[in-house]
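Every number in this text was worked out from the coordinates using simple rules, so none of it is lab data. The shown structure was predicted, so the numbers you read here are calculated from the model rather than taken from an experiment. Here the Cβ is made from the backbone with ideal geometry for all residues, glycine too, and neighbour counts use every protein chain on show.
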Amino acid sequence: MIRVSAPGKLMLFGEHSVVYGGSCIVTSLDHRYVVELKEIRNEKIVIETPESRLVKILYEIKLSQVLNNTKYERPISFVQAALKSFCLQYGPIKKGLRISTNGPIASYGLGSSSAITVATIYALVNAFGINCSKREIFDLSYRAVIDVQGESSGFDVASAVFGGTIYYKNHGKIIENVQISSMPIVLAFTGNKVSTISYIQYVSALKNRQRHIINGVFDLIDQVVYQAKINIVEQNWWVVGELANICQGLLDSIGVNTMQILAPVYAARENGAWGAKLSGAGGGDCIFAIVDKPHRHQVENAIKKTGAEILAINVDADGVKLI
Ligand code: PMV
């Protein structure tokens, strides 16, 4: 049996502009997603995910059908797309397999879909003894995610593959490690999981109506990302906090903020955080604050009072690996 785990992710800077080829900084989380793969005798692939368990359906695909798959079934779509992407590259699978996962799972918006896609591809290359670079794992996984979602910058795929903290640009043409030893960060879930795709579409429509203005906003976000990269490496955390505040304002200008995000963001700032912003598409999901040690407790309590949940998750985790 092969067991693989891949990390979840936290977008730090650059959401939305990264969809149009801009840059972002993302860190991997020690909140990990697992794929187990074992050989079975029958000529089929049996797939089990949290959602398939919920609907009590055991999904089975004939080996001959993997490559012909064009319509994915929601509870297993990312595993199906990963299998297809693998077969397009390395040819048909000739052994029966059972693939069992603990994601995707609609929880905190921490990148479970991309992590499961990456872990499935990694499990397959290991099962078939294929020598494959991380770059190739990224390319195969990104293709699978696009196949299911239609639109994605790929930053979450890169985070699951490479781990650590990365600077990501131009749909993965540039992926650089950003060295950090630790990060004074508080992470919280606002209690509202949103559809990333609907927010991408919303911003895209706004960009069509206000092209020059939104392009200008995206240029500014790109400059924030560049400054954040320098200041994260130099551990100038108060500057990183200030940049988080600026980025939060720019995201407000493209309409992805909500009261649910603003309440914990302002609670953090008013209780001594250097800065705070949303993370991801907006509309809810997670926020983070950059906070020094003396203020951490106070900031966490203030965030909790707004109804948000503090997530005790570490950043800069390892990329996909066998476990
Ligand atoms: O909502 P999340 O955490 O999946 O982040 C989405 C970030 C976007 O830039 C809006 C989309 C993307 O693919 O980069």
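For region 1-132, a simple Cβ point-charge model (Lys and Arg +1, Asp and Glu -1, everything else neutral) yields a dipole of about 400 debye relative to the Cα centre. In this rough spin-label picture, where each label sits 7 Å from Cα along the Cβ direction, the N192-Q179 distance is 4.1 nm. Placing unit charges on the Cβ atoms of the charged side chains and taking the dipole of the chain about its Cα centre, the candidate lying farthest along the positive direction among P294, N257, I116 is I116.
According to the square roots a ≥ b ≥ c of the eigenvalues of the Cα gyration tensor, what is the shape class of the chain, taking rounded for a/c under 1.5, prolate for a/b larger than b/c otherwise, and oblate for the remainder?
It is prolate, given that a/c is not under 1.5 and a/b is the larger ratio.
When the listed pairs K134/K193; K56/K84; K9/K56; K94/K169; K134/K277 are checked against a 27 Å cut-off, the alpha-carbon distance exceeds it for K134/K193; K9/K56; K94/K169; K134/K277. Note on I230 and Q298: their simple-model spin labels are 3.1 nm apart, each label 7 Å out from Cα toward Cβ.
When the helices of the chain are scored as -39500 (n - 2.57) per DSSP H run of n ≥ 4 and the total is divided over every residue, the value at 222 nm lands at -13500 deg cm²/dmol.
Give me D for region 52-171 in µm² s⁻¹, whole number, from Stokes-Einstein with Rh from the Kirkwood sum over alpha-carbon pairs, 25 °C and 0.890 mPa s. Using the Kirkwood radius from Cα pairs, D works out to 167 µm²/s.
The residue list L97, C87, I76 was ranked by how far each Cα lies along the charge dipole of region 61-103 toward its positive end, using unit charges on Cβ atoms, and L97 comes out on top. For region 234-301 versus region 1-40, the spacing of their alpha-carbon centroids is 22 Å.
Summing charges over neighbours of Q298, with a neighbour being any other residue whose Cβ is under 14 Å away from its Cβ, gives +2 when K and R count +1 and D and E count -1.
For each of L37, L220, count neighbouring Cβ atoms within 10 Å of the residue's Cβ, then give the residues from fewest to most. Numbers along the way, then the final one.
Details: L37 21, L220 16.
The most exposed by this proxy come first: L220, L37.
Under the simplified labelling scheme, the K94-S64 pair shows an inter-label distance of 1.6 nm, with each label point 7 Å from Cα along Cα→Cβ. Cut-off 10 angstrom, C-alpha nodes, Gaussian network model of the chain. Which of M183, M259, M11 fluctuates the most? In this elastic network of the chain, the residue with the biggest mean-square fluctuation among M183, M259, M11 is M259. Listed from fewest to most Cβ neighbours within 10 Å, the set F78, F138 follows the order F138, F78.
A Cβ-based charge dipole, computed about the Cα centre of the chain with Lys and Arg at +1 and Asp and Glu at -1, lands at about 860 debye.
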